[in-house]
Amino acid sequence: YFIQAIDFDNRGMPEMATHYYRLASAFDPASEFLRESLAQHYLALGKFGEALLCFKDKGTPQGLSDNAKRIKATVYLKMHQLRNALEALEAIQKPTDEEFYSIGLLHEALGNTEKAGVYYLRYLDKNPQSLDMGLKVIRLDIRNKHLAQAESLAVHLSSLVGEKAPIFNELGVIKMIKGDTLQALNFFKMALDLDSNNQEALRNRAAIALQKNDYAGGVHFYEKLYRGQNLGALYGKPLALLYYYNDQLDSASALLRRLLSDAIDDYELHFYLGLVFYSRDSLDMARLEFEKTLDLRNTFEDAWRQICLTALKQKKTNDALALAQRYTAALSASGRAWRTLGYVRNMRKEYALALPPLTRAITLNDTDATAFFELGLSYERLKKIDSAAIMFGKVLRLQPDDAVAANYLGYMWADAGVYLDSAQILIQSALKKDSGNGAYLDSYAWVLFKRGDIAGAYRYMKTALDIFSDDPVLFLHWGEILQKKGDRQGALRAFHRCLEMGSEDSAAVQQKIHDLEILNRAQPAVAPKTP
């Protein structure tokens, strides 16, 4: 039977060869050689179950020869049963270097990174000058946060194989994780001095630049990656986005069009091109690109949100509402979708209608600070101050450093004349984040006014108006402060300016003007002293 099996093997007839190996093995079941030959033939034919049955009577892997364990491991790998393959390989009495490597790979694939490192080191002990394995162990140590061990191995590996760009790159990564950015930059520079096209070092240099909001630096390194590696969209996409963030809109547009010529169905490229058009105020073109994005990927939420914002920027609020409703229909389980619908309702001044979608948004995601903020705004505009305060409080619990929410809540309380101490503290915290923000200065002036500190209110409001003067509310407050100081003419000018700019409560402002004019006729104003 064995001779016939060999003969069929030589004639290229594996099915017949397997048949005779089976007969031979049945005739001599104690023969490990025949059993293993049969199993290997089953394996070659893809008959994995039959291959495993060859070893069934041996029980655990420990009862098999090392060669049989290797065959079993190969069968399990073919069946994608990684744990069983690992068990078989780890039972081998005398594993080869490659088997140490394979065991490490299996442990890593199963998430056992610490054990993977042990086996990789065993391979490295036998092959100390293996740069690839050395780098693999270093990266695994970095992943497992064994930074000192990784650094020591990198230095040792460099002493064995010489100065190599990948080793310097990993040393830079270690320094970057430790917070030593200067040393990290030095190592990345050394890596690039040895290999100016080293992708990892270029990406890491770009990452440091972006951490510092240095978009020009990010552009510089991604241009090298894109041109040096010729990998198209892999580096072209982030480079185009960096051009956009760095206000290099012509470069962004040209690159995106070039990338789209090779990948017309890439939804991200259409989205980025839409952002470029949006920044250029080419809003019709922007909407067209966002629509293309959504045709290709109807679940891409950034595109839904951006197309709604584009319609609002066009002052096409009906379009914006229809788009936001399409968004919620497409992604009804998305809190962002309902938040966008609520935002559009707020922008249309439909504050009561904004409440249901915004409430739905926070029900779906109770950590969405933006949805809580919009809900607070809706309640405030509906004069439901207590409900609004609860929503803004939620925002500040989620984002304690949110200066906008702190200012809004503080101003709301100040305007209502309640909780003035808390209001002042909140607005002060906002000013600490952005001391030159005109809106925050206006809020602070207003809380001082409400507390009777007219001189302080005057100083802060004057500073606010020096920074920006395109908000009718500022001139309303300015008029109130000037009137309190006795400057009726100045107050009248401020109230008139408020009206000209389109005050939301023009009737109340007109009444103030009317009352001041009557007072001036009855009691002519005395010119105020120069403050």
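The values are calculated or read from the model by the stated rules, or taken from the named source; none is laboratory data. Given the structure is predicted, the values throughout are model-derived calculations rather than measurements. Cβ sites come from the backbone with ideal geometry, for glycine too, and all protein chains shown count toward neighbours. The area values use the complete protein model at the heavy-atom level, side chains included, leaving out ligands, DNA and RNA. Shrake-Rupley method; radii C 1.70, N 1.55, O 1.52, S 1.80 Å.
For the reader, a short list of remarks on this structure follows.
- Identity of the residue in region 163-180, open to solvent by 30 Å² or more (accessible area, probe 1.4 Å), without any contact (Cβ under 8 Å) to a residue 24 or more places away in the chain and of a type outside the set (Asp, Glu), that ends up farthest from residue 115 (Cα to Cα): 179
- Residue in region 399-441 that is least open to solvent (accessible area, probe 1.4 Å), counting only those that are among the acidic types (Asp, Glu) and in contact (Cβ under 8 Å) with a residue 12 or more places away in the chain: 402
- Residues that are open to solvent by 50 Å² or more (accessible area, probe 1.4 Å) and either modelled with pLDDT under 95 or under 20 Å from residue 294 (Cα atoms) (or both), drawn from region 248-266: 257, 258, 261, 262, 264, 265
- Residues of region 380-398 classified as assigned to a helix (DSSP H, G or I), in contact (Cβ under 8 Å) with a residue 24 or more places away in the chain and touching a helix residue (DSSP H, G or I) at 6+ places or on another chain (Cβ under 6 Å), total: 7
For every residue, the table says whether it meets (1) farther than 30 Å from residue 80 by Cβ; (2) β-branched (Val, Ile, Thr); (3) open to solvent by 50 Å² or more (accessible area, probe 1.4 Å); (4) in contact with an Asp or Glu (Cβ under 6 Å, 6 or more places away or on another chain).
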site: 2; (1), (2), (3), (4): yes, no, yes, no
site: 6; (1), (2), (3), (4): yes, yes, yes, no
site: 10; (1), (2), (3), (4): yes, no, yes, no
site: 16; (1), (2), (3), (4): no, no, yes, no
site: 20; (1), (2), (3), (4): yes, no, no, no
site: 28; (1), (2), (3), (4): yes, no, yes, no
site: 33; (1), (2), (3), (4): no, no, yes, no
site: 44; (1), (2), (3), (4): no, no, yes, no
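- The residue that is surrounded by the fewest Cβ atoms within 10 Å (Cβ to Cβ), among those in region 181-190 that are under 28 Å from the mean Cα position of the chain (by Cα) and hydrophobic (A, V, I, L, M, F, W, C), is 182.
- Boolean, residue 51 is open to solvent by less than 20 Å² (accessible area, probe 1.4 Å), in a helix (DSSP H, G or I), closer than 19 Å to residue 88 by Cβ and touching a Pro at 6+ places or on another chain (Cβ under 9 Å): no
- Residue check, residue 39 surrounded by 12 or more Cβ atoms within 10 Å (Cβ to Cβ) and either within 54 Å of the chain's Cα centre (by Cα) or among the charged types (D, E, K, R) (or both): yes
- Qualifying residue in region 220-239 (condition: surrounded by 14 or more Cβ atoms within 10 Å (Cβ to Cβ), of a type in the set (Lys, Arg), assigned to a helix (DSSP H, G or I) and at pLDDT 95 or above): no
- At least 2 residues being in contact with a Leu (Cβ under 7 Å, 6 or more places away or on another chain) and closer than 22 Å to residue 45 by Cα is the threshold, and among the helices (runs of 4 or more DSSP H) wholly inside region 69-137 those reaching it are 82-90.
- The C-beta contact set for region 2-14 (first residue under 16 Å from residue 40 (Cβ atoms), second residue among the hydrophobic types (A, V, I, L, M, F, W, C) and exposed (fewer than 13 other Cβ atoms within 10 Å of the Cβ), distance under 8 angstrom, 6+ apart or interchain) comprises 14/44.
- Filter pass, residue 217 being touching a residue at least 12 places away in the same chain (Cβ under 8 Å), closer than 30 Å to residue 294 by Cα and either in contact with a Cys (Cβ under 9 Å, 6 or more places away or on another chain) or part of a helix (DSSP H, G or I) (or both): no
- Once region 179-208 is narrowed to residues that are part of a helix (DSSP H, G or I) and among the acidic types (Asp, Glu), the residue that is nearest to residue 226 (Cα to Cα) is 200.
- Pairing each residue of region 136-148 that is closer than 13 Å to residue 116 by Cα with any residue that is of a type outside the set (Val, Ile, Thr) and surrounded by fewer than 20 Cβ atoms within 10 Å (Cβ to Cβ), provided the two are 6+ apart or on different chains, yields C-beta distances under 7 Å for 137/121; 141/149; 144/114.
- Members of region 268-281 found to be surrounded by fewer than 19 Cβ atoms within 10 Å (Cβ to Cβ) and in contact with a Lys or Arg (Cβ under 9 Å, 6 or more places away or on another chain), listed by number: 281
- Flag if residue 76 is aromatic (Phe, Trp, Tyr) and open to solvent by 50 Å² or more (accessible area, probe 1.4 Å): no
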